[in-house]
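Every read-out reported here was derived from the displayed coordinates using simple, explicitly stated rules and does not represent laboratory data. From a predicted model like this one, the values you see are computed outputs, not experimental measurements. Cβ: placed from backbone, ideal geometry, glycine included. Neighbour counts: every protein chain shown.
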Amino acid sequence: MVNRPDGDIEIERLQLRFVGARVSDERAVKRLMQSIDACGQLVACIAVEDDGAQAVPVLIDGYRRVAALRRLGRDTARVQCCQCTVGQALAQLLACAQSRALAAIEQALLLRELIEAQQLSQRDAARQCGRDVSWVQRRLLLLQALPDAVLEAVRGAGVSSWAAVRVFVPLARANSDHAHRLLASLGAQRLSTRELRAWFEHYQGAQCAQRERMVEHPRLFIDSLHERERERQAQRLRDGPERELVGELGQLQALLGRARRRLAPLNAPVAAPLARACAGVHAVLPEVASELARLVP
């Protein structure tokens, strides 16, 4: 792939053909705005002149830079035009992201564009991207598993890529109705990615009736978790370290009793992993006994 020297191109001339395959990130765009405003555009966008579109430059990489430039009121962008086909440029982007690591969903969307536009088999697409066929299959299966509404939410930054892959994909496979209702609830009751992760961890262990309430009112559930955690912290503060130690020492006593009963029928020599574990506990027991004797003479 031969690259021409960087040059300024009017942003309005750029064809943003793959904007739907890129995930919106408001914070990243704001950081780029600050950088460009202070230092200028340091990294050129990547484009390919599509002969089938009257030599209109098709933007391959640099969608966030273009968004930042537009918000700053700039009319032009520094662009490096590659002398290759759009398909070759997409394959190169998937093989080695030019400016940032692509999210799995972005990889999947661009891969689908490449396969459909070039009418490639999965094996040919894998070869062009420098990947194996299983990687191509996993990305395409990811798109198949994601409901369209979730995909649109990811594109619009309403749902993070992590949440889409780790929460909505398994949830949609298990209960598509809950996945759609959760997404609808999040429209009015936004959760951070961390909160959504906590929500899903509790959802997996919840009974059916509780799951229904969690899907309808995810924010209420998370707020109740936060409130319980604040109550636990307040209780720990009131009780001091002594109360926590009572529980830990009780657990230690039970563990030591169980270990003693399991060790009793064994004879030396024992396997190396068990021998090392025994030596480690044997070494620390005198220190623990000394601390206990100091507190309870």
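What to note about this one:
- In a reduced charge model with +1 at each Lys and Arg Cβ and -1 at each Asp and Glu Cβ, the chain shows a dipole moment near 900 debye about its Cα centre.
- Relative to the dominant Cα principal axis of the chain, helix 272-295 is inclined by about 60°.
- If R0 is taken as 25 Å, the Cβ-Cβ distance between residue 224 and residue 245 corresponds to a FRET efficiency of 0.30.
- Each label was represented as a point 7 Å from its Cα along the Cα-to-Cβ direction; for residue 144 and residue 15 these points are 3.0 nm apart.
- Expressed in Å, the radius of gyration and Dmax of the Cα atoms of the range 201-297 are 21.5, 59.
- Computed over the alpha-carbon pairs of the range 154-260, the distance histogram in 5 Å steps reads 2, 11, 17, 18, 11, 9, 9, 9, 9, 3, 1, 0 percent, short to long.
- Globularity ratio of the range 134-202, using Cα Rg and 2.2 N^0.38 Å: 1.05
- Other-chain or far-sequence residues with amide H under 5 Å of residue 76's (modelled H): 11
- Cα convex hull of the chain - mean projected area over all directions, nm²: 26.1 nm²
- If you plug the beta carbon distance of residue 38 and residue 236 into 1/(1 + (r/R0)^6) with R0 = 45 Å, you get a FRET efficiency near 0.45.
- 5 angstrom amide H check on residue 60, placed H, neighbours 5+ away: 46, 47, 48
- Simple spin-label estimate for residue 157 and residue 210 gives 3.5 nm between the two label positions (7 Å along the Cα-to-Cβ direction from each Cα).
- Multiplying the residue separation of residue 116 and residue 174 by 0.36 nm and removing their Cα-Cα distance gives an extension gain of 18.0 nm.
- Per-residue ellipticity at 222 nm computed for the chain from its helices equals -20500 deg cm²/dmol, with DSSP H segments shorter than 4 residues left out and the rest contributing -39,500 (n - 2.57).
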